[in-house]
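Reading through the structure tokens given below for one structure.
The values are calculated or read from the model by the stated rules, or taken from the named source; none is laboratory data. Everything numeric here is computed off the predicted structure, so don't read it as measured data. Backbone-built Cβ (ideal geometry, glycine too); neighbour counts: all protein chains shown.
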Amino acid sequence: MDQKFPTGTSGKLRACRPDKQFDLRMLKSLWLQLIPGKPIMVLLFVFVLIANPARSDEGMWLLPRIGAYNMEDIQSLGGKMSAEEIFSNDDASLSDAVVNVGNVGSGSVVSANGLVLTNHHVIYDHIQRVSTAENDYLTDGYWASSFDGEIPAAGLTVTFLKKIIDVTDEVQKEIASRRERGERVSMLTIGRDIASAYTADTDSQGFLSNHYQGGKYYLYIYEVFKDVRLVGFPPSSIGKFGGDEDNFRWPRHTGDFGFIRVYADNEGQPADYSPDNVPYVPDRYLEINAGGINELDFSMVLGYPGSSQRYLTASQVEDLMKVTHPGRIAARKRRLDIIREEMQASDEVRLKYASKYFNASNGMQLSQGQLEQLRRHDVPEIKRAEEKQFMDWVDEDPVRKKKYGEVLTMIRESVEEKRPTAYAHHLLNEALLMGTEIYVAGIRANVFYRNLDEDISQAELAEVVSGFSGRQSGFYEDYHPPADRRVVAAMMELVSDELPREHQPDIIHYADSAFAGNYMEFAAYMFENSFLTCPERFARFISNPRLEAMEGDPVIRYSVSIYDKAIELRDINRELSEGERAGSRLYMEAIREKSEGDRMYPDANFTMRMSYGKVLGYSPRDAVNYHHITSLSGVMEKEDPEHDDFVVPDDLLSLYHEQQFGPYGDDGRMPVNFITDNDITGGNSGSPVIGANGQLKGLAFDGNWESLAGDVVFFPELNRAIHVDIRYVLFVTDKFAGASNIMNELVIIN
């Protein structure tokens, strides 16, 4: 569950409130009579959506609104906190202890010394970067015994939310003013200007967030800390136990956690790395509740969900099923097969590509799961039934009919018209722009070429050369040319097979004519004749950079050709998408009007949100019932020394067989993971799971397979969030790692 920042679960149906009682058996019978042949799952979902559009276990809610909209539900589920204890702009609250980690995930501050608990997979990139053959932290894990032993994680940031300010009126006035003056409306410029006004003379950063397609604007004020250090994390055999095979599956048995620490200058302010920096003293940190997990316990998740699309129309959902997911799956599967072979053949390549493989594989599995669930539940049919209800409401009022009567047609016609070029653009991005690493080097070199061609001073030239050299040297650190050469050939073949000639970049046509369509031969030629594919050749070039040495370079030609075609397709899609964009804004306006304002949650966009629910098992299919919690016994049942994803460390085996669980065990069992019906998505990885009294009980790290359509539609009987039980975190940290220094920082309540 990963995202960029700033710019991205269920069981039985909840008992209805007294004013919304109905007989489900009668409902099933009625729907089956009215619409024969429709899947009962679809029909039940539509009815529940209409009858109760904001179930208490659905929604990633805006923090400033929870006092007005959510506290009654939270308290009815057992939550004992007030709205101000969860979030406050003025006083210390739980949200002050929740952080964004690395612009990809979430975390929680768990000590007065700036110690942060997050997922192993959220910091996996940084573990990989500091790992070497001599110090293989991916395999062995790492536990610093003191502050001095903590490892600087270059590029890793931790971001604290300081305030959320409603600036809707200011933004809308500024938009109107610019239109009156005949100026182009740039939300980027407006956001920057408003943020600057609120953060002037401070170290804070402002981010303007658009909710409800422009219906609401909030300014989020952040403090971003850049000196972050790796403190302690288990080996991948614990932190990634189950690997690809268990990914998005329940039951899980994964210790997906790690500790990092935030450092500040002597005045407690954000600062670049320095050995003189000191551990940050936070406004608030979370106490840990090791008292255990019971079914139906209250659970709240605070974090940074990345992206959801709950308000798509049927035609837009069909676009996901026909454009987005097929292209991603096709490209990533071919690429991953090649990389896996290269990693298995060499430990050096394994260390270089571990994070790249994980990220690409996670995205592919997410697409596979979402596509399967969208088909299984016939989500387009759910959306069409929803749209039928919407149009009935529109037709009831002549004013509404005039304003909204054509909105669904606008969206559908635009989506269908652009679908061929949308697929081409998406596949080109997945296969050649993001799929081949050398593409980045070629584009970077082309920028350097243009700078070199300018009439610039020697000082400016030296700066340009230094920048290019530094970036390219970093590129080679985790690069294996033989693997990328194979990927280039495979991706070119995919694009050639899948796209019509007019949607292919010219480099495909060149390879077809000059190499008779043998893309492996073309890739070999390109890699052997470019100064960019070999660190030694690059070093010789950069010692005396000349324009003529770059002209005709095959990698530069390859990358520019791909870039040009991608821009061409992007521009076509933008023009064809105008009806969809305008229609989507109008559709959201109508939905808000129908929902009587803001008593609905906006789509996730990597701003901090709150979701609430309960610990709950589920039944995914006939005769299968899943319990709400797993234990270390399940790890041992899965153990397979011959399978990389299911290796169990010897020390963990010993602790299990000797039943050395300390105070963290529960009646002879060592809890590992649990599930709740909280509404989460990518970006929530590492989010704290908070119990009824505001204490930490676990951390989110995944969703179940049946929930993977959840970004589009939430099924309360199936969607589950998967969490690491805090007792397993404590057990591994204390008994397995012996990290008493970390344990001594934590405030633990039983």
I need the full set of residues from the stretch 713-735 which are closer than 29 Å to ASP57 by Cβ, aliphatic (A, V, I, L, M) and outside any strand (DSSP E or B), in order please. VAL713, LEU718, ILE726, VAL729, LEU730
Within the stretch 119-155, work out how many residues are in contact with a strand residue (DSSP E or B) (Cβ under 6 Å, 6 or more places away or on another chain), in a loop (DSSP other than H, G, I, E, B) and farther than 25 Å from VAL349 by Cβ. 2
When you go through ILE675, ILE722, ILE726 one by one, which is the residue that is of a type in the set (Val, Ile, Thr) and over 16 Å from TYR618 (Cα atoms)? ILE726
Out of the residues in the stretch 465-493 that are buried (at least 17 other Cβ atoms within 10 Å of the Cβ) and among the β-branched types (Val, Ile, Thr), which is farthest from GLU342 (Cα to Cα)? VAL488
Would you mind finding the one in GLY698, GLY738, GLY710 that is in a loop (DSSP other than H, G, I, E, B) and either within 30 Å of the chain's Cα centre (by Cα) or over 26 Å from VAL231 (Cβ atoms) (or both)? GLY710
Select, from ASP679, ASP645, ASP640, the only residue that is assigned to a helix (DSSP H, G or I) and closer than 29 Å to GLY105 by Cβ. ASP645
Looking only at residues in the stretch 103-118 that are out of contact with any strand residue (DSSP E or B) (no Cβ under 7 Å at 6 or more places or on another chain) and surrounded by fewer than 24 Cβ atoms within 10 Å (Cβ to Cβ), which one is farthest from LEU652 (Cα to Cα)? ASN103
Condition check for ASP603: surrounded by 15 or more Cβ atoms within 10 Å (Cβ to Cβ), assigned to a loop (DSSP other than H, G, I, E, B), of a type in the set (Asp, Glu) and modelled with pLDDT under 95: no
Residues in the stretch 251-286 that are at negative phi, assigned to a loop (DSSP other than H, G, I, E, B), out of contact with any Ser or Thr (no Cβ under 8 Å at 6 or more places or on another chain) and not charged (D, E, K, R): how many? 13
Test THR607 against the stated conditions and say whether it is touching a strand residue (DSSP E or B) at 6+ places or on another chain (Cβ under 6 Å) and either assigned by TED's automatic domain parsing to the domain that holds VAL689 or farther than 30 Å from HIS211 by Cβ (or both). no
Go through the stretch 698-750 residue by residue and tally those that are of a type outside the set (A, V, I, L, M, F, W, C) and over 24 Å from LYS240 (Cβ atoms). 7
Given the structure, is ILE542 surrounded by 15 or more Cβ atoms within 10 Å (Cβ to Cβ), closer than 17 Å to TYR476 by Cβ, in the same structural domain as MET492 (by TED's automatic domain parsing) and not basic (Lys, Arg)? yes
Among ALA623, ALA582, ALA604, which is hydrophobic (A, V, I, L, M, F, W, C) and under 30 Å from LYS402 (Cβ atoms)? ALA582
Output yes when any residue across the stretch 85-95 is in the same structural domain as ASN678 (by TED's automatic domain parsing), in contact with a Pro (Cβ under 8 Å, 6 or more places away or on another chain), crowded, with 20+ Cβ neighbours inside 10 Å and under 22 Å from ASN277 (Cα atoms), and no when none is. no
Taking the stretch 619-646 and the residues there that are among the hydrophobic types (A, V, I, L, M, F, W, C) and surrounded by fewer than 19 Cβ atoms within 10 Å (Cβ to Cβ), the one that is farthest from the chain's Cα centre (by Cα) would be ALA623
Taking the conditions exactly as written (crowded, with 23+ Cβ neighbours inside 10 Å, under 13 Å from PHE248 (Cα atoms), of a type in the set (Lys, Arg) and assigned by TED's automatic domain parsing to the domain that holds ASN289), does ARG727 satisfy them or not? no
Out of the stretch 498-538, which residues are under 20 Å from LEU433 (Cα atoms), among the aromatic types (Phe, Trp, Tyr) and outside any helix (DSSP H, G or I)? PHE531
Residue check, GLU593 against (1) under 30 Å from LYS402 (Cα atoms); (2) in contact with a helix residue (DSSP H, G or I) (Cβ under 6 Å, 6 or more places away or on another chain), all met but one. Which one? (2)
If the requirement is being under 34 Å from the mean Cα position of the chain (by Cα), more than 30 Å from ARG310 (Cα to Cα) and surrounded by fewer than 18 Cβ atoms within 10 Å (Cβ to Cβ), which of these qualifies: SER559, SER513, SER496? SER496
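A quick yes/no check of all residues on (1) surrounded by fewer than 24 Cβ atoms within 10 Å (Cβ to Cβ); (2) in contact with a Lys or Arg (Cβ under 8 Å, 6 or more places away or on another chain); (3) not assigned by TED's automatic domain parsing to the domain that holds GLY369:
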| residue | (1), (2), (3) |
| --- | --- |
| ALA692 | yes, yes, yes |
| LEU696 | no, no, yes |
| PRO716 | yes, yes, yes |
| ASP734 | yes, no, yes |
| ALA737 | yes, no, yes |
| VAL747 | yes, no, yes |
Filter the stretch 119-140 for residues that are among the polar types (S, T, N, Q) and out of contact with any Ser or Thr (no Cβ under 7 Å at 6 or more places or on another chain); the one that is surrounded by the fewest Cβ atoms within 10 Å (Cβ to Cβ) is THR132
When restricted to GLU150, GLU170, the only residue of a type in the set (D, E, K, R) and either crowded, with 21+ Cβ neighbours inside 10 Å or assigned by TED's automatic domain parsing to the domain that holds ASP650 (or both) is GLU150
Selection over the stretch 213-244 where residues are within 22 Å of the chain's Cα centre (by Cα), assigned to a helix (DSSP H, G or I) and surrounded by fewer than 19 Cβ atoms within 10 Å (Cβ to Cβ) yields a count of 3
Just wondering, is there one or more residues in the stretch 535-551 that are among the polar types (S, T, N, Q) and touching a helix residue (DSSP H, G or I) at 6+ places or on another chain (Cβ under 7 Å)? no
List the number of the failed condition for ALA462; all other conditions in (1) surrounded by 13 or more Cβ atoms within 10 Å (Cβ to Cβ); (2) out of contact with any Asp or Glu (no Cβ under 7 Å at 6 or more places or on another chain) hold. (1)
Would you be able to say whether some residue in the stretch 693-706 is of a type in the set (Gly, Ala, Ser), touching a Ser or Thr at 6+ places or on another chain (Cβ under 7 Å) and at negative phi? yes
